[in-house]
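**Student:** I have a structure I would like to understand better, so I am pasting it below and will then ask my questions one at a time.
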Amino acid sequence: MKHKITHLTPLSCLLLSACTVGGGAPNLSVPKSESINPSEISAEVLFVGNSFTYYNDLPDIFAQLGQGLGMQLNSYSVTKGSQKLIDTANSNDELGKVFDEAMNKKYTHIILQEHSTLPVNNYTSFVNGVKAIKQKIQNAKQEAHIYLYSTWAYESMCNQNESIPDCEKRIRAAYEQCASETGLDVIYVGKAFSYTYEHNKDIDLYDANDRKHPSYAGSYLSAATHLASIFNVNVKESTFKGNLADNVSNTLKEVAYGVANRLI
(Lines give C-alpha, C1' and ligand atoms only; values in the text may rest on other atoms or scores of the structure.)
Protein backbone atom coordinates (compact mmCIF):
# COMPACT_ATOMS: atom_id res chain seq x y z
CA MET A 1 0.00 0.00 0.00
CA LYS A 2 1.33 3.40 -0.92
CA HIS A 3 1.56 5.78 2.02
CA LYS A 4 0.29 9.26 1.44
CA ILE A 5 -0.06 12.64 3.07
CA THR A 6 -3.37 14.39 2.68
CA HIS A 7 -2.83 18.12 2.62
CA LEU A 8 -5.29 20.80 3.66
CA THR A 9 -7.78 21.05 0.85
CA PRO A 10 -11.47 21.44 1.81
CA LEU A 11 -13.49 18.40 0.78
CA SER A 12 -16.56 19.06 -1.35
CA CYS A 13 -20.06 18.35 -0.03
CA LEU A 14 -22.65 16.92 -2.42
CA LEU A 15 -26.38 16.68 -1.73
CA LEU A 16 -27.76 13.42 -3.12
CA SER A 17 -31.24 11.91 -3.44
CA ALA A 18 -33.00 10.56 -0.36
CA CYS A 19 -32.70 6.99 0.87
CA THR A 20 -35.68 4.83 1.74
CA VAL A 21 -35.64 3.67 5.36
CA GLY A 22 -35.68 -0.10 5.64
CA GLY A 23 -33.51 -3.20 5.85
CA GLY A 24 -32.03 -5.04 8.78
CA ALA A 25 -31.57 -2.08 11.12
CA PRO A 26 -31.97 -2.36 14.91
CA ASN A 27 -35.19 -0.98 16.40
CA LEU A 28 -34.03 2.07 18.33
CA SER A 29 -35.94 4.67 20.33
CA VAL A 30 -35.75 8.36 19.50
CA PRO A 31 -33.71 10.55 21.89
CA LYS A 32 -33.87 14.30 22.33
CA SER A 33 -31.40 14.86 19.47
CA GLU A 34 -34.43 15.03 17.18
CA SER A 35 -35.02 18.63 18.29
CA ILE A 36 -31.74 19.89 16.76
CA ASN A 37 -32.03 21.71 13.43
CA PRO A 38 -29.04 20.53 11.35
CA SER A 39 -29.40 23.42 8.89
CA GLU A 40 -28.29 25.76 11.68
CA ILE A 41 -24.99 23.89 12.14
CA SER A 42 -21.79 24.93 10.39
CA ALA A 43 -18.36 23.57 11.24
CA GLU A 44 -14.71 23.34 10.21
CA VAL A 45 -13.53 19.82 11.05
CA LEU A 46 -9.96 18.51 10.98
CA PHE A 47 -9.16 14.78 10.96
CA VAL A 48 -5.63 13.83 12.13
CA GLY A 49 -4.55 10.22 11.68
CA ASN A 50 -3.41 7.63 9.17
CA SER A 51 -4.80 5.16 6.65
CA PHE A 52 -7.82 4.29 8.80
CA THR A 53 -8.90 7.88 8.13
CA TYR A 54 -7.83 8.37 4.51
CA TYR A 55 -9.14 5.02 3.18
CA ASN A 56 -12.23 5.75 1.05
CA ASP A 57 -11.82 9.43 2.00
CA LEU A 58 -13.61 9.23 5.34
CA PRO A 59 -13.57 13.04 5.86
CA ASP A 60 -15.42 13.51 2.57
CA ILE A 61 -18.05 10.89 3.46
CA PHE A 62 -18.47 12.67 6.80
CA ALA A 63 -19.00 16.02 5.08
CA GLN A 64 -21.45 14.58 2.57
CA LEU A 65 -23.48 12.85 5.29
CA GLY A 66 -23.73 16.21 7.02
CA GLN A 67 -24.71 17.96 3.81
CA GLY A 68 -27.41 15.31 3.42
CA LEU A 69 -28.91 16.76 6.62
CA GLY A 70 -28.56 20.36 5.45
CA MET A 71 -25.47 21.06 7.55
CA GLN A 72 -22.68 23.34 6.36
CA LEU A 73 -19.46 21.38 6.87
CA ASN A 74 -15.92 21.77 5.64
CA SER A 75 -13.66 18.82 6.43
CA TYR A 76 -9.87 18.67 6.26
CA SER A 77 -7.33 15.95 6.93
CA VAL A 78 -3.69 15.50 7.93
CA THR A 79 -2.86 11.81 7.39
CA LYS A 80 -0.11 9.39 6.43
CA GLY A 81 -0.09 5.59 6.40
CA SER A 82 0.98 3.95 9.70
CA GLN A 83 1.43 7.35 11.33
CA LYS A 84 1.46 7.64 15.12
CA LEU A 85 0.23 10.75 16.93
CA ILE A 86 3.51 11.09 18.81
CA ASP A 87 5.23 11.51 15.42
CA THR A 88 2.64 13.96 14.11
CA ALA A 89 3.34 16.08 17.20
CA ASN A 90 7.01 16.30 16.17
CA SER A 91 7.69 19.40 14.04
CA ASN A 92 10.66 17.61 12.40
CA ASP A 93 8.43 14.79 11.16
CA GLU A 94 7.14 14.95 7.57
CA LEU A 95 3.51 14.91 8.66
CA GLY A 96 4.32 16.96 11.73
CA LYS A 97 5.25 19.85 9.46
CA VAL A 98 1.91 19.53 7.66
CA PHE A 99 0.13 19.49 11.01
CA ASP A 100 1.95 22.65 12.10
CA GLU A 101 0.82 24.31 8.87
CA ALA A 102 -2.73 23.15 9.54
CA MET A 103 -2.73 24.97 12.86
CA ASN A 104 -2.70 28.27 10.96
CA LYS A 105 -6.39 27.68 10.26
CA LYS A 106 -9.11 27.70 12.90
CA TYR A 107 -11.28 24.63 13.42
CA THR A 108 -14.42 23.95 15.40
CA HIS A 109 -13.63 20.25 15.88
CA ILE A 110 -10.41 18.20 15.69
CA ILE A 111 -10.46 14.38 15.62
CA LEU A 112 -7.39 12.35 16.62
CA GLN A 113 -6.93 8.80 15.29
CA GLU A 114 -4.03 6.73 16.61
CA HIS A 115 -2.20 3.84 14.94
CA SER A 116 -4.57 0.88 15.22
CA THR A 117 -2.51 -1.33 17.55
CA LEU A 118 -0.64 1.28 19.61
CA PRO A 119 -3.31 1.87 22.30
CA VAL A 120 -3.11 -1.79 23.38
CA ASN A 121 0.55 -2.51 22.53
CA ASN A 122 2.16 0.67 23.88
CA TYR A 123 -0.33 2.67 25.90
CA THR A 124 2.33 5.07 27.22
CA SER A 125 3.31 6.12 23.70
CA PHE A 126 -0.38 6.49 22.81
CA VAL A 127 -1.29 8.75 25.71
CA ASN A 128 1.91 10.76 25.36
CA GLY A 129 1.11 11.34 21.70
CA VAL A 130 -2.39 12.52 22.51
CA LYS A 131 -1.09 14.87 25.20
CA ALA A 132 1.55 16.29 22.84
CA ILE A 133 -0.98 16.89 20.05
CA LYS A 134 -3.42 18.46 22.50
CA GLN A 135 -0.70 20.81 23.74
CA LYS A 136 0.16 21.87 20.20
CA ILE A 137 -3.51 22.56 19.49
CA GLN A 138 -3.73 24.67 22.61
CA ASN A 139 -0.47 26.48 21.79
CA ALA A 140 -2.00 27.40 18.43
CA LYS A 141 -4.88 28.99 20.39
CA GLN A 142 -7.40 26.68 18.77
CA GLU A 143 -10.79 26.68 20.47
CA ALA A 144 -11.80 23.45 18.76
CA HIS A 145 -13.37 20.57 20.63
CA ILE A 146 -10.93 17.63 20.46
CA TYR A 147 -12.09 14.01 20.11
CA LEU A 148 -10.41 10.61 20.24
CA TYR A 149 -11.37 8.28 17.36
CA SER A 150 -11.63 4.82 18.93
CA THR A 151 -10.97 2.38 16.09
CA TRP A 152 -11.94 -1.25 15.46
CA ALA A 153 -10.26 -4.59 15.86
CA TYR A 154 -9.30 -6.98 13.08
CA GLU A 155 -8.36 -10.63 13.11
CA SER A 156 -4.59 -10.28 12.66
CA MET A 157 -4.25 -8.02 15.73
CA CYS A 158 -6.27 -10.20 18.10
CA ASN A 159 -4.76 -12.63 20.58
CA GLN A 160 -5.08 -16.35 19.96
CA ASN A 161 -8.70 -17.50 20.41
CA GLU A 162 -9.80 -13.90 21.05
CA SER A 163 -12.86 -12.71 19.13
CA ILE A 164 -12.81 -9.46 17.17
CA PRO A 165 -15.42 -7.85 19.50
CA ASP A 166 -13.42 -8.84 22.59
CA CYS A 167 -10.27 -7.44 21.04
CA GLU A 168 -12.11 -4.22 20.24
CA LYS A 169 -13.18 -3.92 23.87
CA ARG A 170 -9.50 -3.77 24.85
CA ILE A 171 -8.94 -0.96 22.33
CA ARG A 172 -12.02 0.85 23.61
CA ALA A 173 -10.83 0.57 27.21
CA ALA A 174 -7.48 2.13 26.25
CA TYR A 175 -9.22 5.05 24.56
CA GLU A 176 -11.47 5.53 27.58
CA GLN A 177 -8.47 5.54 29.92
CA CYS A 178 -6.71 8.06 27.68
CA ALA A 179 -9.84 10.22 27.60
CA SER A 180 -9.92 10.19 31.40
CA GLU A 181 -6.28 11.29 31.55
CA THR A 182 -6.58 14.02 28.91
CA GLY A 183 -10.12 15.34 29.41
CA LEU A 184 -11.15 14.51 25.84
CA ASP A 185 -14.26 12.79 24.48
CA VAL A 186 -14.30 9.44 22.67
CA ILE A 187 -16.08 8.63 19.42
CA TYR A 188 -16.87 4.92 19.56
CA VAL A 189 -16.39 3.82 15.98
CA GLY A 190 -14.91 0.48 17.07
CA LYS A 191 -18.03 -0.26 19.10
CA ALA A 192 -20.16 0.43 16.01
CA PHE A 193 -17.96 -1.98 14.04
CA SER A 194 -18.29 -4.69 16.69
CA TYR A 195 -22.07 -4.34 16.83
CA THR A 196 -22.38 -4.57 13.05
CA TYR A 197 -19.93 -7.48 12.93
CA GLU A 198 -22.09 -9.42 15.39
CA HIS A 199 -25.58 -8.42 14.28
CA ASN A 200 -25.31 -7.65 10.55
CA LYS A 201 -22.91 -10.25 9.21
CA ASP A 202 -24.06 -9.62 5.64
CA ILE A 203 -22.37 -6.19 5.73
CA ASP A 204 -18.61 -6.49 5.25
CA LEU A 205 -16.83 -3.60 6.97
CA TYR A 206 -13.32 -4.74 6.05
CA ASP A 207 -11.21 -4.17 2.96
CA ALA A 208 -11.33 -7.28 0.77
CA ASN A 209 -7.54 -7.41 0.33
CA ASP A 210 -6.05 -6.99 3.79
CA ARG A 211 -9.09 -7.53 6.11
CA LYS A 212 -7.75 -4.70 8.26
CA HIS A 213 -8.57 -1.39 6.64
CA PRO A 214 -12.20 -0.35 6.18
CA SER A 215 -14.28 -1.18 3.16
CA TYR A 216 -16.43 1.67 1.85
CA ALA A 217 -19.19 0.44 4.17
CA GLY A 218 -16.73 0.57 7.08
CA SER A 219 -15.71 4.13 6.29
CA TYR A 220 -19.37 5.10 5.89
CA LEU A 221 -20.17 3.64 9.33
CA SER A 222 -17.22 5.50 10.83
CA ALA A 223 -18.27 8.79 9.25
CA ALA A 224 -21.87 8.38 10.40
CA THR A 225 -20.75 7.59 13.95
CA HIS A 226 -18.54 10.68 13.99
CA LEU A 227 -21.32 12.90 12.69
CA ALA A 228 -23.95 11.65 15.14
CA SER A 229 -21.55 11.73 18.09
CA ILE A 230 -20.09 15.19 17.51
CA PHE A 231 -23.22 17.11 16.54
CA ASN A 232 -25.99 15.11 18.24
CA VAL A 233 -27.98 15.07 15.00
CA ASN A 234 -30.25 12.33 13.70
CA VAL A 235 -27.88 10.86 11.13
CA LYS A 236 -30.61 8.41 10.06
CA GLU A 237 -32.24 11.25 8.16
CA SER A 238 -29.22 12.05 5.99
CA THR A 239 -29.95 11.63 2.29
CA PHE A 240 -26.38 10.64 1.45
CA LYS A 241 -25.78 6.94 0.88
CA GLY A 242 -22.62 6.96 -1.23
CA ASN A 243 -22.25 3.80 -3.30
CA LEU A 244 -24.23 1.66 -0.84
CA ALA A 245 -27.61 0.02 -1.31
CA ASP A 246 -30.44 1.68 0.59
CA ASN A 247 -30.82 -1.12 3.11
CA VAL A 248 -27.08 -1.14 3.87
CA SER A 249 -26.72 2.62 4.30
CA ASN A 250 -29.84 2.73 6.45
CA THR A 251 -28.63 -0.09 8.68
CA LEU A 252 -25.23 1.58 9.15
CA LYS A 253 -26.84 4.92 9.98
CA GLU A 254 -29.09 3.18 12.52
CA VAL A 255 -26.06 1.60 14.20
CA ALA A 256 -24.16 4.91 14.24
CA TYR A 257 -27.21 6.60 15.71
CA GLY A 258 -27.52 3.92 18.39
CA VAL A 259 -23.88 4.08 19.41
CA ALA A 260 -23.84 7.89 19.52
CA ASN A 261 -26.97 7.97 21.67
CA ARG A 262 -25.84 5.10 23.93
CA LEU A 263 -28.70 2.91 22.77
CA ILE A 264 -26.24 0.19 21.70
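**Student:** Which residue out of Ser238, Ser222 is of a type in the set (Ser, Thr, Tyr), open to solvent by less than 10 Å² (accessible area, probe 1.4 Å) and in contact with a Gly (Cβ under 7 Å, 6 or more places away or on another chain)?
**Tutor:** Ser238
**Student:** Consider only pairs whose beta carbons are under 7 Å apart and that are at least six residues apart or on different chains; among these, list those whose first residue lies in region 106-119 and is charged (D, E, K, R) and whose second residue is part of a loop (DSSP other than H, G, I, E, B) and open to solvent by 10 Å² or more (accessible area, probe 1.4 Å).
**Tutor:** Within 7 Å, the pairs are Lys106/Gln142; Glu114/Lys84.
**Student:** Tell me the helices (runs of 4 or more DSSP H) entirely within region 70-127 that contain at least 2 residues that are open to solvent by 50 Å² or more (accessible area, probe 1.4 Å).
**Tutor:** Because the criterion is at least 2 residues that are open to solvent by 50 Å² or more (accessible area, probe 1.4 Å), the helices (runs of 4 or more DSSP H) in region 70-127 that meet it are 85-88, 94-102.
**Student:** Right, another one. Hey, does region 223-234 have a residue that's under 24 Å from Val45 (Cβ atoms) and touching a Pro at 6+ places or on another chain (Cβ under 6 Å)?
**Tutor:** Looking for residues that are under 24 Å from Val45 (Cβ atoms) and touching a Pro at 6+ places or on another chain (Cβ under 6 Å), one finds at least one in region 223-234, hence yes.
The values are calculated or read from the model by the stated rules, or taken from the named source; none is laboratory data. Computed from a predicted structure; not experimentally measured. Using ideal geometry, Cβ is built from the backbone for each residue, glycine included, and neighbour counts are taken over all protein chains shown. Heavy atoms of the whole protein, side chains included, go into the accessibility calculation; ligands, DNA and RNA do not. Shrake-Rupley method; radii C 1.70, N 1.55, O 1.52, S 1.80 Å.
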